[in-house]
Amino acid sequence: MWIVALGMAFIAPATAAMPPDRAQPPLTAQTQRSGGPVAPEQAALSFDSADLAIEILPERQNIAATATLSFTARASLTRLLLDLDRNLPVSRIRIDGATLPPASWRNPDGRLIISLPRSVAAGERISAQISYAGTPHVAANPPWDDGFVWSRTRDGKHWIGSTAEGYGCDLFWPCLDFPTGEPERVDLHITVPRGLSAPSNGVLLGVDRLSGGRTTWNWRVKRPNTYAIAINVGPYQSLTGTYKSRFGNTIPMMFWYLPGQKAQAEGLFAEFAPTLDFFESTIGPYPFGTEKLGVVETPYLGMEHQTINAYGNRYAKAVEGFDWLFQHELAHEWFGNQMTAADWDDYWLHEGFAQYMQPLYGRWREGEARYAAMMDGQRARILNGAPIVSGISRTEEEVYEQGKGGPATDIYYKGAWMLHTLRWLIGDTAFFASARRLVYGRADPKPGNFTPRFATTAEFERIVAEESGRDLGWFFDTYLRQAPLPELVATPRPDGLTLAWKNAKPFPMPVEMQVGEQVVRVEMTDGNGALDVPDGAHVVIDPHARLLRRSPAVEAAQAWQRRSGQ
């Protein structure tokens with residue numbers, strides 16, 4: 001997900017999003033909540049498949065849909081609990097083909113409670129067909145606020161997009177709204193008016209032509225992230241191509257863009273292959289090569305919708321020479337969609353890695369100077385207001401919102417800087433081997449020998465220990481489980497300096513020191529060290545900025561910005 005504190009101005013779409021014709025009913029607390037502790041009856045479901053038939057009715061800003069969901073019970077069940085915004089009223093439910101009486105279901109607070117006609121034993125499969133319709137929640141400030149965006153292009157054509165990371169999949173389809181609630185497969189049948197297209201997740205199975213010029217776009221995607229199912233509707237034109245992977249397979253690449261943008265679209269499309277090559281050479285195979293690398297122009301900034309990433313950066317140019325939004329959302333195909341954090345509490349694994357991939361890409365393209373400049377640009381945005389990881393199950397808002405006690409943008413910038421320091425500490429070989437195992441669950445990923453997986457912070461720590469041969473609990477405890485940064489205190493002595501880490505916990509982080517023209521490494525085994533300095537020699541602490549540590553200069557600048565309203 002993209003956060004406003006990235007420091008880039010949001011560029012408005014071709015026209016402003018259209019508000020609904022009537023005031024929106026409020027979302028319940030349950031619908032606004034995504035993740036957190038999982039209800040036992042939901043934890044008892046294995047989500048086998050979802051078949052979503054959704055007709056988009058732009059003039060009314062409505063949808064009419066039927067969702068057919070298949071589950072395998074892990075324990076005995078007498079009812080189904082599914083998440084669905086109650087502002088999308090259900091008209092019919094069929095269980096295993098039999099229609100239920102309306103008294104068999106209710107949705108008081110955004111959780112659809114379905115009383116089953118029979119008890120379902122552990123190991124049994126159950127199918128629920130749910131018909132519903134209404135006005136899905138309209139996003140007031142997408143993608144930071146979730147929902148549908150009803151917009152129009154400059155020539156008045158409908159242009160529609162969905163975004164659901166914060167509030168979750170239940171904004172427009174009945175689902176299990178927590179990270180591990182992924183279905184094994186989703187089929188999408190998106191019906192749109194004449195002249196409009198509906199690019200979506202996975203592989204296009206075909207387009208059906210209906211009465212009145214309507215069309216139904218049929219897609220199939222494997223193991224999508226819960227919030228990654230995307231509705232995109234517009235008068236799109238497309239660019240297509242293929243990428244010959246360094247792993248031997250050929251990957252379809254597709255970009256859907258608005259009419260009148262062809263030259264700019266071709267410029268962005270030219271970035272697809274080299275960016276893909278960077279990720280494949282640095283991390284490993286593109287995870288969804290049998291489907292596609294897809295991007296669609298949207299009336300909001302962006303989102304990592306699996307195989308159909310949302311792009312609304314208006315082809316902005318940057319001194320780094322590449323489109324940061326495209327690159328960031330593509331990173332989530334590895335860190336977010338292939339490897340999904342098992343709980344929102346671990347979502348720094350998505351955002352920290354995706355953020356770090358940008359300076360690494362700058363380094364891959366232009367070298368160490370670009371890398372250093374991009375890392376420096378992120379340093380002043382670290383807040384240190386709350387630990388990155390709490391150790392308890394949390395909701396999306398409890399992580400992304402500082403006002404709710406969350407680390408907020410620190411899962412991006414502090415996460416990236418922590419990875420920068422870790423890479424220096426353990427070396428490139430161990431660092432990239434650890435990242436690869438985190439993403440694929442194995443050290444030797446090749447097309448066909450891995451599937452999407454769930455991961456945790458604890459697993460990453462274990463992998464790093466195995467790859468580096470070192471117990472780095474002290475490292476992760478400091479950077480993930482406490483808010484303040486460690487402070488390096490240098491005290492002069494007659495023949496040099498004594499060095500000490502000021503930190504709540506033991507912190508044996510080595511330090512590079514430049515003495516004159518020579519750089520030496522000071523080991524800090526117990527958090528303390530000493531450096532001999534010839535008389536008159538100039539000393540620079542951490543000359544290559546390897547270490548994430550407290551900076552009074554950064555703190556003073558941040559305080560000044562707050563006081564001056566910057």
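The values are calculated or read from the model by the stated rules, or taken from the named source; none is laboratory data. What you are looking at is a predicted structure, and each value in this text was computed from that prediction instead of being measured. Cβ: placed from backbone, ideal geometry, glycine included. Neighbour counts: every protein chain shown. The accessibility values were calculated without ligands, DNA or RNA, using every heavy atom of the protein model including side chains. Shrake-Rupley method; radii C 1.70, N 1.55, O 1.52, S 1.80 Å.
Side notes on the structure shown:
- The residue that is nearest to Trp501 (Cα to Cα), among those in segment 541-566 that are among the polar types (S, T, N, Q) and part of a loop (DSSP other than H, G, I, E, B), is Ser551.
- Residues that are assigned to a loop (DSSP other than H, G, I, E, B) and open to solvent by 10 Å² or more (accessible area, probe 1.4 Å), drawn from segment 323-360: Ala342, Asp343
- Against the conditions (1) at pLDDT below 95; (2) surrounded by 24 or more Cβ atoms within 10 Å (Cβ to Cβ), Ala139 satisfies every one except (1).
- Answer from Phe432, Phe450, Phe475 - the residue that is among the aromatic types (Phe, Trp, Tyr) and within 20 Å of Val511 (Cα to Cα): Phe475
- For Thr457, the criteria (1) on the phi < 0 side of the Ramachandran plot; (2) surrounded by fewer than 19 Cβ atoms within 10 Å (Cβ to Cβ) hold in every case but one, which is (2).
- Subset tally (residues that are in contact with a Phe, Trp or Tyr (Cβ under 8 Å, 6 or more places away or on another chain) and either in contact (Cβ under 8 Å) with a residue 60 or more places away in the chain or open to solvent by 50 Å² or more (accessible area, probe 1.4 Å) (or both)) for segment 77-130: 9
- Among the residues of segment 497-551, those identified as free of Cβ contacts under 8 Å to residues at least 12 places away in the same chain and within 24 Å of Leu422 (Cβ to Cβ) are Val520, Arg521.
- Only one entry in Gly202, Gly195, Gly168 is at positive phi, of a type in the set (Gly, Ala, Ser), free of Cβ contacts under 8 Å to residues at least 60 places away in the same chain and out of contact with any helix residue (DSSP H, G or I) (no Cβ under 6 Å at 6 or more places or on another chain), namely Gly195.
- Tabulated pairs, segment 410-422, first more than 15 Å from Met374 (Cα to Cα) and touching a residue at least 24 places away in the same chain (Cβ under 8 Å), second outside any helix (DSSP H, G or I) and open to solvent by less than 10 Å² (accessible area, probe 1.4 Å), C-beta under 9 angstrom, 6+ apart or interchain: Asp410/Ile382; Asp410/Ile388; Ile411/Tyr347; Ile411/Ile388; Leu422/Leu472
- No other residue among Thr242, Thr216, Thr226 is among the polar types (S, T, N, Q) and touching a Cys at 6+ places or on another chain (Cβ under 9 Å) apart from Thr226.
- Checked against the criterion of being among the hydroxyl-bearing types (Ser, Thr, Tyr) and at pLDDT 95 or above, the candidates Thr28, Thr15 yield just one match: Thr28.
Let's see how each residue does on (1) out of contact with any Phe, Trp or Tyr (no Cβ under 8 Å at 6 or more places or on another chain); (2) assigned to a loop (DSSP other than H, G, I, E, B):
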| site | (1), (2) |
| --- | --- |
| Met374 | yes, no |
| Pro387 | yes, yes |
| Leu425 | no, no |
| Leu438 | no, no |
| Asn449 | yes, yes |
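- Among the candidates Ala537, Ala490, Ala530, Ala483, the residue that is in a loop (DSSP other than H, G, I, E, B), more than 31 Å from the chain's Cα centre (by Cα) and either of a type in the set (Gly, Ala, Ser) or at pLDDT 95 or above (or both) is uniquely Ala537.
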